[in-house]
Amino acid sequence: MLQFITKLFLERIYYKRKYKKEIYMLLPKIIIGAQWGDEGKGKIVDYLAKGADYIVRFNGGNNAGHTVVYKGEKFPLSLLPSGVLWKKKLLIAQGVVINPKILLAEIEHFTKRGNPPNLTIDPRVNIVMPYHQLLDAATEEAKGAQKVGSLKLGIGYCYEDRNNREGIRFEDFINPKLFKEKLFAIFPQKKKRIEAVFGYKVKMTAPDIYQEYKKYASRLSRYKGDVSSIVAKNINKKKILFEGAHGTFLDANFGTYPYTTAVNTISGSVFSFVGFPPQNLMVYGIVKAYTTRVGGGPFPTELFDETGIQIGDKGVEFGTVSKRRRRCGWLDIPMLKLANELNGFEYLVVTKLDVLTGLKTLKIATHHFLNGKKVSHFPSLLSDVSKLQPHYRTLSGWTQDIANIRRFHDLPENCKKYIKTFESLMGIPIRFISVGPERSALISV
Ligand code: GDP
Ligand code: IMO
Ligand code: MG
């Protein structure tokens, strides 16, 4: 009798799960970095892009570096959506800021390979101008020890102009008369600011910038299209995959401010950054099997010993864009639970699990101590985050190479235990496990 009831119960759970899975298959998907960026979003977007009609990049600029590896070839992308290899419809929404030179180089790269991107750029996208980069570099220099660790690509200043209504939008940019008018009006103020506030001599002139940038504009003008409208019309008809840049803790408001980027990175921002109504999305939280951070700011589970160096070397933890060594540390449950609170993850995807192979022991921070008191909720105040003392659960490692394993069942016992422990601490199902940079190095759970 007991057996019969158990069977019925299990069947019910299975049916519910299957049903849920089928319903969720129809929902638009969104990829969000759960940590400080570089979680492997590019790889997962590339993998999921196979089943999508549209891939939409919705935030950030070329300070993002998303890597796709296919058949041994590496494709670092900073502005083109990571579905580019699938020849799908690629959309760049208004929440993105574009450095035209960099975008053109990416377009050219794929065009030369016989894969010209089928790209649409929203007219409201803001353009990163050379004076944004000068301001970024000057500010970082002036901040000295307090510097954010910005990539100095002008992204923050481009968002400043966008929010303060001084930006040059894509639609202005591709209209030579309007572009010239705006540039010639804005540039003298920027030059004055850089020279008077920071004491630099600005050599570039508005006519020089105009001559160079109008060429970029004429090459990009063919890509103009209303991304907001395309998405709003197709959201319930076509399969749409949204690609988030950066990571939850780099979010301009909810991250470890001011050691963040200048834009929102959490899932809800997609609605205003693309321009379509709030609705249910299937949110995938991408989590590296350990934690990394590049640039300044607190990092409670950071490793300062040999293990940190070993993980960094094995994981090739060097910035895709900046080439800087990334700081490495253990997984942090309170931090990831806050990421879930902010994003609403339906599933987690664990990446770079292969990097942990060979470590004798592994640790996961289950909670922290703050001023001697146990805290389970990751604090919002930066000075509190800086003082957190992690409390770890220690697990045994594994030595068997897992890079060629494609079924969860075949993973070494301790490796399965690490994943299961993480999943149960999070209380969110893990959908995929990545065990190598290649598209195919993925375990579907
Ligand atoms: P993103 O910014 O989140 O797209 O991540 P990045 O591309 O900046 O950094 C992730 C790096 O890890 C890239 O070099 C990827 O090719 C690589 N990568 C992704 N998944 C895996 C994995 O499962 N194992 C290993 N060893 N490398 C991976
Ligand atoms: P992806 O999309 C990792 C970090 C920078 C710096 C801070 C501010 O590849 O995961 P900014 O140039 O925005 O002024 O820099 O934010 N940062 C990232 N770190 N991955 C990223 O993007 C990042 N984007 C910004 O290193 O500390
Ligand atoms: Mg990256």
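Just so you know, all these numbers are worked out from the coordinates, no wet-lab data involved. No experiment lies behind these values; they were computed from the predicted model shown. Here Cβ is always computed from backbone atoms with ideal geometry, including for glycine, and neighbour counts include all displayed protein chains.
Below, the figures for the structure above:
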item	result
Among the listed pairs 180/239; 29/87; 50/288, those beyond 29 Å (Cα-Cα)	180/239
Relative contact order of the chain, pairs being alpha-carbon contacts under 8 Å that are 6 or more residues apart, as %	19
Qualifying aspartates and glutamates (Cα of each under 20 Å from Cα of residue 337; at least 8 residues distant if same chain)	38, 39, 251, 302, 346, 384, 423
Crossing angle, helix 130-143 versus the chain [Cα axis fit, 0-90 degrees, rounded to tens]	60
Relative packing of peptides 239-248, 119-128, 178-187 - highest average C-beta neighbours within 10 Å first	239-248, 119-128, 178-187
Potential lengthening between residue 195 and residue 165 on full extension [0.36 nm per residue; Cα-Cα distance subtracted]	8.6 nm
Cross-link table 214/352; 74/224; 182/323; 373/417; 201/387; 147/191, entries beyond 32 Å C-alpha to C-alpha	214/352; 182/323; 201/387
